[in-house]
Structures are given as C-alpha cells and as structure tokens.
Protein chains: 2
Amino acid sequence: MSRPDRRLSINQATIKHADLATALRVTAEAGVQAIGLWRESVHAVGLATAATMLSDSGLRLTTHCRSGFFTMPEGPARREALADNRAAIEEAAILAAAGAEGSTAILVLVAGGLPDGSRDIMGARERVRDAVGELAPHAAAAGVTLAIEPLHPMYASDRCVVATLGQALDIASDFDPSVVGVAVDSFHVWWDPDVLHQIERAGREARLATYQVCDWRTPLPADVLLSRHYPGDGVIDLARLTSAVEATGYDRDIEVEIFNEAVWATDPIETIERSAAGFASSVSPHLRTLGGVLP
Amino acid sequence: MSRPDRRLSINQATIKHADLATALRVTAEAGVQAIGLWRESVHAVGLATAATMLSDSGLRLTTHCRSGFFTMPEGPARREALADNRAAIEEAAILAAAGAEGSTAILVLVAGGLPDGSRDIMGARERVRDAVGELAPHAAAAGVTLAIEPLHPMYASDRCVVATLGQALDIASDFDPSVVGVAVDSFHVWWDPDVLHQIERAGREARLATYQVCDWRTPLPADVLLSRHYPGDGVIDLARLTSAVEATGYDRDIEVEIFNEAVWATDPIETIERSAAGFASSVSPHLRTLGGVLP
C-alpha cells in the first residue's frame with residue numbers, strides 16, 4: 001500500500017482491542033506518524049511506562065482521550081470527577097512531552113449526560129462551564145489544551161449535553177484559547193446547518209484544537225455508540241468539512257477515530273491500512289498544506 | 001379517568017394500528033376533542049369518506065400528516081413528489097373544513113434525506129427551499145399552512161435534512177407566515193441549545209403552526225425511528241418547552257405523537273388514556289390558557 005498521509009493520526013479507539021504496545025507498534029509499522037491515546041490503555045501499563053513506550057515508538061501524540069463527565073451537581077461524585085480530570089491533564093502533559101516532535105498536549109473533554117432522574121439540561125450545561133472553569137488553571141499550568149467535544153445530539157441525554165460546535169465555542173469563550181478549545185469530529189457535526197460557519201469561527205477564535213474524521217451511515221446499529229465508519233464509507237461531505245477546517249489555518253494532524261464492532265473485530269494492521277486508505281481518498285485531496293499521499 | 005385536557009390532540013400515528021374509523025371512535029370516546037390524521041388511513045377509505053367520517057366524529061383536525069420528501073434533484077421523481085404534495089394540500093383543506101370548529105388546515109412537511117449516493121446535504125437543503133417555494137402558491141390558494149418539521153439530527157441523512165428549528169425558520173422566512181410555518185416537536189428539538197430562543201422567534205415571526213409532544217429516553221431501540229415515549233416517561237423538559245411555546249401566544253391544540261412498537265401493541269383505548277394522563281401531568285400544568293385537566 002502507499003505510504004500513509006503524514007498528517008494522519010490513528011486514534012487508539014479505532015483499534016480498541018490492541019493494547020498500548022500493539023497499538024504503538026502497528027501504527028508505526030504502517031508508516032503512520034501520529035497516534036491519539038486513550039487513558040485506559042495508559043493506565044494499564046502505568047503513566048511512566050506509557051510515556052517511555054510512546055517515546056520509543058517515535059510517534060507524535062495528537063490527543064489524550066478522554067476526560068470530562070462532570071455534569072453532576074456539587075458533591076463527592078463531582079469532586080471525584082474533577083480530581084480525575086486533573087489527573088488526565090497531568091497525563092496529557094507528560095505523554096505529549098514524551099511523544100515525537102510536533103506532539104500536542106490536548107485533552108479531549110466529553111461533558112457527560114443528564115444526571116440520573118434529571119430533566120434539567122440547561123443546568124447540566126452550566127455545570128459543564130463551571131467544571132471547565134475549575135480545570136482551566138490546572139490545564140494552563142500544565143501547558144495542556146482542553147478540547148471540548150460536541151457530540152451528536154443523539155447522545156445529548158446520556159453522554160454529552162454539549163451538542164453543537166457553536167455551543168462548545170460559547171462555553172470555551174470564557175477562557176484563554178490556548179487553554180480551552182474545541183474538538184471537531186466529522187461524525188458529530190456533519191448534520192449541523194451552521195457547521196461551516198462555526199468551523200470558521202473556531203478558527204477565527206483560535207480554538208480548533210483537533211479535527212477527527214470518520215463517516216456516518218444508516219441504518220444505525222443497535223448500539224448507536226458504535227455507528228462510526230471508515231472515512232469515505234458514508235455520507236459525510238468530508239471534502240467540504242476538511243476544506244473548511246483547512247481554511248482556518250489548521251495544519252496539524254487529523255485523527256481517524258472509529259467505534260464499530262466490525263472494525264474492532266478486524267486485525268489492527270488491516271484496520272490501520274483501511275483507515276489510511278479512506279483518509280487518502282476522502283481527506284488528503286482537501287488538505288491545503290503538504291498533505292496528500294506521499295509515494 | 002379524568003376528562004382529558006381540552007387542548008390535547010391525539011396524532012393518529014400514536015395508535016398506528018387502528019384504522020380511521022377506530023381511531024376517530026376511540027379518540028372521541030376517550031373525551032379527547034382533536035386528532036391529527038395520517039394520509040395512509042385517509043387514502044384507505046377515500047378522501048370524501050374520510051371527511052364525512054371526521055365530520056361525524058365531532059373531532060377537530062389539528063394536522064394532516066404528512067408530506068414532503070422532496071430533496072431529490074429535478075426529474076420525474078421530483079415532479080411526482082411535488083404532485084403528491086399538492087394532493088396532500090388539497091386533502092388538508094378538505095379535511096380541515098370537515099373537522100369540528102377550531103380545526104386547522106396544517107400539512108406537516110418532512111423534507112426527506114440525502115438522495116441515494118449523495119453527500120451534498122447543502123444542495124438537498126436548497127432543494128427543500130425550492131420545493132416549498134413551488135408548493136406555497138398552492139397552499140395559499142387552498143388556505144393550508146405548510147408546517148416544516150425539523151427532525152432530530154439522527155435522521156438527517158435518511159429522512160430529513162432539516163435538522164433544527166432555526167433552519168426550518170430560515171427556510172420559512174422567504175414566505176408568508178400564514179402559508180409556511182414550522183412544526184415544533186419536543187422529541188426533535190429538546191436537545192438544541194438554541195431551542196428556547198428559536199421557539200420565541202417562531203412566535204415572533206408568527207410561524208409556530210403546531211406543537212407536538214412525546215418524550216426521549218435511552219437506550220434507543222434498534223430502530224431509532226421508534227424511540228418516542230409517553231410525555232413524562234423520559235428526560236425532555238416539557239415544562240420549559242411548553243412554557244416557551246405558550247409564551248409565544250400559541251393557544252391551539254397540542255398533539256401527542258408517539259412511534260413506539262410497545263405503544264402500538266397496546267389497545268388503542270389504553271394508549272389514548274396513557275397519552276392523556278402523560279399530557280395532564282407533564283404538559284397541562286404549563287398551559288397559560290384554559291388548559292389543565294377539567295373534572
């Protein structure tokens with residue numbers, strides 16, 4: 001196969017069943033230069049070991065995934081969640097420092113859903129803003145950017161009350177853009193009539209921390225969390241979204257992040273090859289900078 | 001059971017397996033005063049017969065459901081869809097005239113999804129605007145209001161490219177408000193961070209044609225089309241949404257519309273009673289006008 005686009009990063013969730021050592025190895029062996037890590041796999045080996053492994057891999061770190069889940073009202077559970085978020089900030093800083101040159105210390109935040117028994121989505125959203133406000137000084141001190149990720153509105157009740165890019169930017173607007181930005185994931189935002197304008201705004205406000213791609217296709221599977229597909233295998237206009245992201249001046253790595261049982265059941269080497277091929281055909285042609293498939 | 005709220009309307013989809021005669025009978029016998037009809041059941045008996053049956057029932061007509069599905073590019077399929085929409089406009093006018101005093105000639109429009117093989121959601125949205133423009137003179141002549149219904153974004157690719165209330169209002173803004181309005185359905189809009197503002201806008205622009213209620217609960221069923229629940233059985237803040245709708249001056253009937261296999265498997269009399277009870281506890285307390293459960 002062709003050498004993967006040098007701006008392609010494999011989000012570790014795409015090869016969920018590979019442990020950290022395997023994920024790093026197959027990603028590097030495929031000629032991919034960057035990876036987004038998940039906390040669970042880092043914790044499984046310990047942070048210091050994970051940092052050494054990442055360093056040895058020669059890969060850039062693109063994101064640390066993920067933290068957040070802080071919509072609950074004040075109390076021990078909220079304190080515990082915020083403490084865990086501070087730990088995740090430290091992890092992101094240490095891992096980014098261990099990654100190859102060009103690594104970025106970006107912690108992806110998924111807000112969390114409605115607390116059990118609550119219908120007060122507006123209140124939950126205010127608590128997201130409060131939580132980000134509490135975490136921002138820690139992130140600033142650690143040199144980490146918190147990337148608020150809006151999730152598709154079908155997850156608004158049980159996973160993420162932040163449902164649009166505009167809303168994520170509104171929350172971020174209270175904070176320094178180097179400390180609080182947004183994650184733009186094609187799957188979550190493609191349907192939004194306002195998405196191109198909000199991507200432009202994210203660029204103008206210097207908050208576009210990371211761009212992630214995968215595709216949308218129906219019918220959705222029984223577990224709608226697992227409905228993400230390889231870039232190009234669905235209906236998302238990745239040409240338009242990618243061009244809009246590029247037009248902001250975004251020139252960093254772009255992750256392929258897929259949650260899909262069938263993809264997870266595939267050998268991770270094949271998954272990475274298919275991710276790279278989808279990226280090459282659906283994303284690379286729209287990259288303004290030196291992207292594109294190198295021979 | 002208590003007498004149902006006088007502003008409650010039963011959308012016929014809630015008792016999907018009842019034919020028109022049964023739907024009209026059980027709705028009226030339950031003390032409900034209004035009904036929203038579906039075209040299929042009207043066609044099954046013929047329009048003239050359906051109009052007579054509606055008239056005999058003594059029920060008000062709240063909406064005629066539904067038409068639209070006009071996102072395809074120009075060609076025979078689009079011409080056929082638009083001809084069918086014109087027929088639906090005529091049906092709405094005739095049925096509303098046959099319904100009891102207070103009936104409204106409102107045709108609900110669901111835009112349709114992406115045409116097969118297309119990723120051009122922006123183009124599909126432009127074709128929605130064009131279609132509404134073609135239909136508006138027919139609706140005006142017939143005295144029918146076209147109600148553009150934004151559907152939840154999880155249906156954006158295969159069912160309705162109009163995904164937010166703001167977008168529906170933007171499309172409607174080219175036309176006379178008595179001819180083109182919007183349908184506000186709690187299930188489709190509850191997650192939207194901008195929903196209260198857009199409901200206020202819909203009122204200010206005199207475009208709030210109909211308000212429909214049901215509830216949202218996770219996990220979603222395998223067929224996400226069938227994930228609607230009785231008002232009060234989920235997490236939608238019906239107090240806030242209903243209050244916002246009422247604050248616009250909306251004082252007409254409010255439909256309960258549920259697509260749910262378990263609900264459909266219930267005896268329609270029980271379904272209507274449960275709908276009325278959910279409405280009484282979750283919607284009626286927030287009605288500004290003479291609603292509320294009468295003894």
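The values are calculated or read from the model by the stated rules, or taken from the named source; none is laboratory data. Bear in mind the structure is a predicted one, so any value in this text is a computation, not a measurement. Here Cβ is always computed from backbone atoms with ideal geometry, including for glycine, and neighbour counts include all displayed protein chains. Please note that ligands, DNA and RNA were not included when accessible areas were found on the heavy atoms of the full protein model with its side chains. Shrake-Rupley method; radii C 1.70, N 1.55, O 1.52, S 1.80 Å.
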Matching residues in the stretch A:231-264 (more than 15 Å from residue A:282 (Cα to Cα), open to solvent by 20 Å² or more (accessible area, probe 1.4 Å) and hydrophobic (A, V, I, L, M, F, W, C)) number 4
Those residues of the stretch B:231-273 which are under 19 Å from the mean Cα position of the chain (by Cα) and among the hydroxyl-bearing types (Ser, Thr, Tyr) amount to B:242, B:243, B:248, B:250, B:271
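Can you find, within the stretch B:102-155, the residue that is least open to solvent (accessible area, probe 1.4 Å) among those that are in a loop (DSSP other than H, G, I, E, B) and of a type in the set (D, E, K, R)?
We begin by selecting, within the stretch B:102-155, every residue in a loop (DSSP other than H, G, I, E, B); these are B:102-105, B:111, B:113-120, B:143-144, B:149-152.
Among the residues that remain, those that are also of a type in the set (D, E, K, R) are: B:116, B:119-120, B:149.
Details: B:116: 157, B:119: 101, B:120: 57, B:149: 11 Å².
Here the residue is B:149.
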Being free of Cβ contacts under 8 Å to residues at least 60 places away in the same chain, more than 14 Å from chain A (Cβ to nearest Cβ) and open to solvent by 30 Å² or more (accessible area, probe 1.4 Å) narrows B:81, B:51, B:97 down to just B:97
Note on the stretch B:84-94: residues open to solvent by 10 Å² or more (accessible area, probe 1.4 Å) and in contact (Cβ under 8 Å) with a residue 40 or more places away in the chain are B:86, B:90, B:91, B:93, B:94
The one condition residue A:228 fails out of (1) open to solvent by 10 Å² or more (accessible area, probe 1.4 Å); (2) under 28 Å from residue B:159 (Cβ atoms); (3) touching a strand residue (DSSP E or B) at 6+ places or on another chain (Cβ under 9 Å); (4) among the charged types (D, E, K, R) is (1)
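Out of the residues in the stretch A:166-200 meeting the condition of being open to solvent by 20 Å² or more (accessible area, probe 1.4 Å) and farther than 13 Å from residue A:129 by Cα, tell me which one is nearest to the other protein chains (Cβ to nearest Cβ). Can you show your working first?
To start, the set of residues in the stretch A:166-200 that are open to solvent by 20 Å² or more (accessible area, probe 1.4 Å) comprises A:170, A:173-178, A:193-194, A:196-197, A:200.
Those left that are additionally farther than 13 Å from residue A:129 by Cα: A:176-178, A:193-194, A:196-197, A:200.
Values: A:176: 23, A:177: 20, A:178: 25, A:193: 4, A:194: 8, A:196: 8, A:197: 12, A:200: 15 Å.
Among residues in the stretch A:166-200 that are open to solvent by 20 Å² or more (accessible area, probe 1.4 Å) and farther than 13 Å from residue A:129 by Cα, the one nearest to the other protein chains (Cβ to nearest Cβ) is A:193.
Listed here are the residues, each with its yes/no results for (1) within 10 Å of another protein chain (Cβ to nearest Cβ); (2) under 23 Å from residue B:198 (Cα atoms); (3) aliphatic (A, V, I, L, M).
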residue	(1), (2), (3)
B:228	no, yes, no
B:247	no, yes, yes
B:260	no, no, no
B:267	no, no, no
The condition of being touching a strand residue (DSSP E or B) at 6+ places or on another chain (Cβ under 7 Å), buried (at least 17 other Cβ atoms within 10 Å of the Cβ) and under 20 Å from residue A:136 (Cβ atoms) holds, among A:14, A:63, A:27, only for A:63
Residue hits (the stretch B:201-218; more than 14 Å from chain A (Cβ to nearest Cβ) and among the basic types (Lys, Arg)) are B:201, B:204, B:207
Log entry, pairs with first residue in the stretch B:142-154 being away from chain A (no Cβ under 13 Å) and closer than 18 Å to residue A:188 by Cα, second being hydrophobic (A, V, I, L, M, F, W, C) and outside any strand (DSSP E or B), beta carbons closer than 9 Å, six or more apart or on different chains, reads none
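Do you know which of the residues in the stretch B:264-281 that are among the small types (Gly, Ala, Ser) and in a helix (DSSP H, G or I) is nearest to residue B:14 (Cα to Cα)?
Taking the stretch B:264-281 and keeping what is among the small types (Gly, Ala, Ser), we get B:265, B:275-278, B:280-281.
Restricting the remaining residues to those that are in a helix (DSSP H, G or I) gives B:275-278, B:280-281.
Details: B:275: 9, B:276: 12, B:277: 14, B:278: 13, B:280: 17, B:281: 18 Å.
Of everything passing the filter in the stretch B:264-281, B:275 is nearest to residue B:14 (Cα to Cα).
Rundown of residues vs (1) closer than 19 Å to residue B:118 by Cα; (2) in contact with a helix residue (DSSP H, G or I) (Cβ under 7 Å, 6 or more places away or on another chain); (3) in contact (Cβ under 8 Å) with a residue 12 or more places away in the chain, yes/no style:
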residue	(1), (2), (3)
A:225	no, no, yes
A:235	yes, no, yes
A:243	yes, yes, yes
A:255	no, no, yes
A:268	no, yes, yes
Every listed condition ((1) more than 14 Å from chain A (Cβ to nearest Cβ); (2) open to solvent by 20 Å² or more (accessible area, probe 1.4 Å); (3) not aromatic (Phe, Trp, Tyr)) holds for residue B:221 save (1)
